[in-house]
1. What percent do you get for the relative contact order of region 208-320 when only Cα pairs under 8 Å and 6+ apart count?
2. Can you work out the FRET efficiency for the pair residue 49 and residue 113, with r the C-beta to C-beta distance and R0 = 25 Å, to the nearest 0.05?
3. I need the shape label for region 266-327. Rule: rounded when a/c is under 1.5, else prolate if a/b > b/c, else oblate, with a, b, c from the alpha carbon gyration tensor.
4. Return the whole-Å distance between the Cα centroid of region 539-614 and the Cα centroid of region 107-152.
5. Lys/Arg Cβ at +1, Asp/Glu Cβ at -1, dipole of the chain taken about the Cα centre: which of 477, 405, 311 is farthest positive-ward?
6. How much space per residue, in cubic angstrom, does the convex hull of the C-alpha atoms of region 132-181 take up?
7. List the pair-distance distribution P(r) of region 88-198, using every Cα-Cα distance, as the percent of pairs falling in each 10 Å bin from 0 up to the bin containing the longest distance, rounded to whole percents.
8. Hey, how many Å between the Cα centroid of region 324-338 and the Cα centroid of region 281-298?
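No value in this document is a laboratory result; all are computed from the given coordinates. Just so it is clear, the structure is predicted and the values come from calculations on it, not from any experiment. Every residue, glycine as well, gets a Cβ built from its backbone with ideal geometry; the counts of neighbours run over all protein chains shown.
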Amino acid sequence: MTRARSLATLALAGVAAGWPLPAARANSGFAHERPVLPSGRGAQRLSVDAALLAGARPGGRLADLRLFDRDESEVPYLLVDAQPSAPEWLAGRILATPATKTSSGFELDLGRSARIDRLRLAALPAPWLKRARLEASADRRHWVVLLEQATLFDLPDEQLRQFELAFPEGEFRYLRLAWDDRSSARLGLPPSVAARRVHLSEAIRPLATDVPFSTLHAEPGRSRYRLRLPAAGLPIEALALEGGSGYLLRRACALEQRLVRGQVAPTLLGQTTLRRTLRDDVAAADLSLPLRAPTGREVDLVIDDGNNPPLALSAVRAVFSPQPWIFFESADGAALKARFGHPTRAAPRYDLEAARETIDRLAPRPARWGTTALHLDPPRHLALPQALSAAGAALDASRFRYARALAAGPAGLKVAPLDAAVLAHAHGLRDLRLLDQHGRQRPYLLETRDEPLVLALRAERLASAAAQTSVYRLRLPFAELPPGRLVLTTTARIFQRRVSLSASASAPAPRTRAARRAAQAGDLIAVSDWSSVDPDGAPPALAFDLPTQPAAEVRLTVAEGDNAPLPLATVTLLLPSRRLRFYQPAQAPLQLLYGEASLAPPQYDLSLLGPLVLSAAADEVALGPEQPRTVPSAPDDPARRYFVPLLVGAVLVLLVLIVRLVRKGEAPPA
């Protein structure tokens, strides 16, 4: 009843506003609607923005875009591809401008007005790094500031060069550049200067959008961030980073979870070296990370900090590959409606295609997007297939030693991070099973994450029999954890110690092969020297590779010499990070079961839908407390009960017969 009233209210509002009722049919199947505001009548050009790309059908190259006028009549349009591969540079006459105590520069006369958007200088004697101010004019009497403060540089040793300045396009004949000479030597006139002419096919500026990010747990010497893109399958070609100040030289890479040979693991999208240098308080930087287009909505950014503090990342912008622009004609200058996000619409074919070769001569005026947007129907092109909701084979839950509850909730894709209890008690994670309330399996994908699972440990100081030695007991969350890394930090600034890590003296018999190998290698796990000689800098962390341990503790020994005990600030255990991705039906409680060594890894048809499952948005759910379970013993089998005694009896009878035969054969003849 509520939905019917809402629809009736909308219909009455449409009639009151003068919109025809049959318009509702045009909305069918479209997920989004946005207003388009032309610049009067006639030919128009409209840029493709991030909101349009995010809402349109992924991989459809905007084939599902439609324009409608007030009467719900479809308005023809053309997608005009950008053609930046053949820029036209206009050379001009260079005139030196009068120099002052703090500035110098030049003017460029192109000879005639032209629509331009970029200035390029020929190489000047390197190295140099300078700030500049750029102005433009059509008549040399009225000047407009294009760039208040720009930076140009040529630093071969740092591999940093910037000879071009981009600015908002406009009709100009004269360009005037003023160097800031207050903190650097003057530069002579460049050998040549040129301005780039803007054709309509190049008129749309490169598209970029801000990307929200969050900080992840990371091992010492690295910073990790998770970027959340507006949608999956966006044509992104680079990430532009901002943050920090001062000198910078760090490696960075971008990773994405992908299904490769049946395994979900991080895949490298791109890597680079971030650079920034300073000269006379002027910075030259290249903080762009080129990458292959991601397929999903999450990208992990990893920065190698070395011995530096973590990079204070302040902003990330996703830079898109060159996008087309939209050409259309407006009969009356009235607002249009753009609808997109249709799951099946093919690219339209309009008679307007005959005008493609004459678009430049039509001189289209810039249209713009309105500020309001409507969400019409759920985006069905993002709907998950019914195959995801299908349950798997039935399984006897009583066979498993451990159970974890997952609370019921709305239907959809979920991700469940696995904690230390699962890593310790599941046999190589091959016996993980998700069961619903009917005892049927729920398929899942097991993801390997690049970031570690970070666990804080407590160091308990023990009495030491050896003088000048500190001994600590480090309690692990569980025995039989997978191999990880143990990281120590201290607040001391000047020190030198030898630190050793050893297994617990009271370790039980190892259960897994990895633990048995570690036990056979001896109690000593690793020895390392730890030192710091910088009184002003943060001391380095000390990291040990920690193999699987049969006990839930290890011993740490610090040779103090004649010094006071070295304070331990933090002790951190880094374990492999895993999580499950699965579909949970509405209001259906699930159980995660593990601890059944005889099971092999599951094989689900869900892996065939891996790319779709990984690109869809998923909600994170937490596992409930671990519940140990009593596994029933096998029923008493009479045949099994008497088998061993009968076998022993048969062996004894055979031995008696053999002995008698041997003795009979050895008897002397009569």
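1. Computed value for region 208-320: 43 percent relative contact order.
2. Numbers: r = 29 Å, r/R0 = 1.16.
Efficiency for this residue pair is about 0.30.
3. Oblate shape, in that a/c is at least 1.5 and b/c is the bigger or equal ratio.
4. That distance is 56 Å.
5. Sorting the options by dipole projection puts first 405.
6. Measuring per residue, one finds 84 Å³ for the Cα hull of region 132-181.
7. Spelled out per bin, shortest first, that is 14, 50, 30, 5, 0.
8. When both Cα centres are located, 34 Å separates them.
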